[in-house]
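Beneath this line is the structure, given in C-alpha cells, with notes to follow.
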Amino acid sequence: MMNWIMTQNVVFLAFLAGLFTWGCTILGSAVVFFFTKVSRKLLDIMMGFAAGVMIAASFWSLLDPALAYAKADYGNLAWVPAAVGFLLGAFSLRLIDALVPHLHLGKDISEAEGIQPKKKLSKTALLFLAITIHNFPEGLAVGVTFGALASGNMTSAALIGALGLAIGIGLQNIPEGAALSIPIRADGSSRFRAFFLGAMSAIVEPIGAVLGASLVIIMLQIIPYALAYAAGAMMFVVVEELIPESQTNGNTDVATLGLMVGFVIMMVMDVALG
C-alpha cells in the first residue's frame, strides 16, 4: 500500500513540476502584450542562456545520476547504459527533427526542415512546431528524475535535486516563451494568438513529465537508460538548434556569455540543492 501511495505521489509531483515549467513558458509568452518586438541581440542572449542551462542539467541532473544508478548493477560497466541511453535520446530527436515540419527562429520559410505536407504550413505553425519539438525532452527529463525517486531513492536530497531541475528548466522557459511569441506577433498574428501559441508550445512538458515518470516506475531497471536518454535528447536540441541560432547573427560574444551564465546558474542549483 505504501509503495502504491509513493508511486502515485511521484507521478503527481512530476505532473506538478511539468505544470510549473509550462507556467514559466506562459509567463514568458505574456511579454508579447507589452512589447511588439525584441532585439536580435537579446534573443541570442536568451538562446545562449537556455543552452547553458540545458547543458548543465544534462550532466548534473541526468547523466551523473544515471551513472550512479547504473553502478549498483553494472559496476565498472556503468558507462554502458549511460552511453546507450544518451545516443538513443539524440537519435530519437534526430528522427523527429527529420520527420516533423518545422522552422527555426530567424529563418526564412524556404528553410523549413522536416517532411513538408502537400498543403504548405504557415511560418507561424512551423515556428510553433520547432519549439514544441524541443520542449518535449525537457518535460521527459523532469519526469524521469521524479520517476527515479520511486526506486527507493526518495531522500530529501534526491527530491530537492529533481525540484532543482524543474526550476532550472522553468527559468530558461521564460525567455524561450518570449522568443517564440514575439516573432509570431511580428509575423502578423494578433497579440492574443501570439501569446496562445507561445504558451501552448510547452503543453507537451507536463505530458512528457507524466509519461517519463510513469515509464520509469513501470520498469525501474531502465532508470539509468531513461535519465541518459533525456540527457541525449536535450543535448541534441542544444547543439542542433539553440547554439547555432544564437551564434549566426553577429552576437557571438554576448550569446556565449549568456550560455556561460546559464550553465553556472544551473550547475550551482544542481550542486547546492542536490
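The values are calculated or read from the model by the stated rules, or taken from the named source; none is laboratory data. Bear in mind that the values here come from a model prediction, so they are computed numbers and not experimental data. When we count neighbours, we look across all protein chains shown, and the Cβ atoms used for this are built from the backbone with ideal geometry, even at glycine. Just so you know, the surface numbers come from the protein's heavy atoms only, side chains and all, with ligands and any DNA or RNA stripped out. Shrake-Rupley method; radii C 1.70, N 1.55, O 1.52, S 1.80 Å.
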Looking only at lysines whose Cα falls under 26 Å of Lys123's and that sit 8 or more positions away or on another chain, we get Lys37, Lys41, Lys107
If each part is reduced to its alpha-carbon centroid, segment 179-228 and segment 32-56 end up apart, in Å, by 17 Å
When the charge dipole of segment 108-211 is computed with +1 at the Cβ of Lys and Arg and -1 at the Cβ of Asp and Glu, the Cα pointing farthest to the positive end, of Gln172, Ala202, Ser122, is that of Ser122
Most packed first (mean Cβ within 10 Å per residue), the peptides 124-134, 229-239, 98-108 order as 229-239, 124-134, 98-108
Of the candidates Leu13, Phe34, Leu99, the farthest towards the positive dipole end of the chain (Lys/Arg Cβ +1, Asp/Glu Cβ -1, centred on the Cα centre) is Phe34
Taking only the Cα positions of the chain, the convex hull volume per residue in Å³ is 122 Å³
Hydrodynamic calc, segment 11-62: Kirkwood Rh from Cα pairs, then Stokes-Einstein at 4 °C with viscosity 1.567 mPa s, so D in µm² s⁻¹ is 99 µm²/s
Given a 1.4 Å probe, the accessible area of the chain per residue, as a whole number of Å², is 45 Å²
The percentage of the accessible area of the chain (probe 1.4 Å, all protein chains present) made up of carbon and sulfur atoms, to the nearest whole number, is 73 percent
Measuring from its Cα centre, the chain shows a charge dipole (+1 at each Lys and Arg Cβ, -1 at each Asp and Glu Cβ) which, in debye to the nearest 20, is 700 debye
Per the charge dipole of the chain (beta-carbon charges, Lys/Arg positive, Asp/Glu negative, Cα centre), the residue among Tyr69, Phe236, Ile223 reaching farthest to the positive end is Phe236
